[in-house]
1. Can you tell me what the convex hull of the Cα atoms of segment 76-115 projects to on average, as an area in nm²?
2. Taking amide H positions as placed 1.01 Å from N in the peptide plane, with prolines and chain starts having none, which residues 5 or more places from Phe217, or on another chain, fall under 5 Å of its amide H?
3. State, to one decimal in nm, how far the label point of Val41 lies from the label point of Asn85, with both points 7 Å from Cα in the Cβ direction.
4. Kirkwood-based Rg over Rh for segment 44-108 (C-alpha set), two decimals?
5. If the cut-off is 16 Å between C-alpha atoms, which aspartates and glutamates fall inside it for Lys186, apart from same-chain ones fewer than 8 positions away?
Amino acid sequence: MFKKLASLVLAIALVPVAGFSASAASAPAAIKVEYNQKAIVFPDQKPVIRDSRTLVPIRPIAESLGFDVDWNEQTRTVTINKGANDVRLVVSQKIAKKNGQTINLDVPAQIINQRTMVPVRFIAEALDYKVDWAQATQTVLIADLQANQPVSTTTDQTKNDSTKTATSEKTGSTTDLIDRATIKGKSFTMSTIGLYYVTGEVKPGSEVVVKVGDNNFEVEVNADGTFEFNKAQRDGVKTYTLTAEKDGKTDVYEGEFTSK
C-alpha cells in the first residue's frame, strides 16, 4: 500500500513539470534583429509577429542606423532624419513620406506598449537598407546597401512587410495645407447610426481625405479651398483624421467630434 501511495504522489508531482516542459518546447523563439552582424538591443518592447507580418520598434533600429528620431504626440507623427533624408510616417495610415515622395505600405505602423512598431519592409523601402530574414535563427538581418544593389528580402514574410502619425510634411520649412482655425467636426446620433460632419478650408488644389472610424473618404474641395464632408456611420466614433496632400506634401489634422 505504501509503495502504491508513493508512486501516485510521484506521478502527480511530475505532471506540472511535464506540462511546463512541453509548453516551453512549443514556445516560439524570440525574434532578433542584427545590423551588419551586430545585434540591436531592444530595452523594452521586442519585435513581434502580427497577422503574418514582422513588426519592429522603429526608434532603436533607426538610431542604430545613425538616424535622428522625433515623435510628435499631438499629431502622432514619427520623423526620421539622416543627412538629406527626411522620412515621416503616420500611425494607422498606409503611407509614409520620404523627401516628399509617397511610399505606399500594405501594413500601417502600430503602437504597441507605447512603442511605434513598423513592418520590416519599411526599413528597406524608406531607409534604403538591405533586409533579409534568417528563418533558422528567427533573425532580421539588416545590412548597408552596396552601390546599385537592389533591396532584397528573402522570405514572403519580409517581402510582404511594410510600414506612426502624419502631420505637416515639409521640405526645409513647415507646410500648412490645412487652415486649422476653420476646421469643425460635429456628430449627430439617430438610433444606432451616427451622422458625422467635417467642414473647413485647405489650400486650393489640395486632395483631402477624412478618416472616420476605420474608413477613409475622399472629399471634394471647392475652388476656394473650402470643403464639406458628411457621412452616416456606426454610432460611437469620437475622433476623425483629416489629411490634405498637394505637390508631394502632406498635412494631417486630428480632431474630435462635438455632439449635437
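1. Numbers: hull surface 11.9 nm².
Averaging across all directions leaves 3.0 nm² for the Cα convex hull.
2. Amide H to amide H, under 5 Å and 5 or more residues apart or across chains, Phe217 pairs with Val210, Lys211, Val212.
3. 2.4
4. 0.96
5. Glu201, Glu228, Asp235, Glu254, Glu256
A short reminder: the numbers here are calculations on the coordinates, not readings from a lab. Fair warning: this is a prediction, and the values are worked out from it, not measured in the lab. Note: ideal-geometry Cβ built from the backbone for every residue, glycine included; neighbour counts use all protein chains shown.
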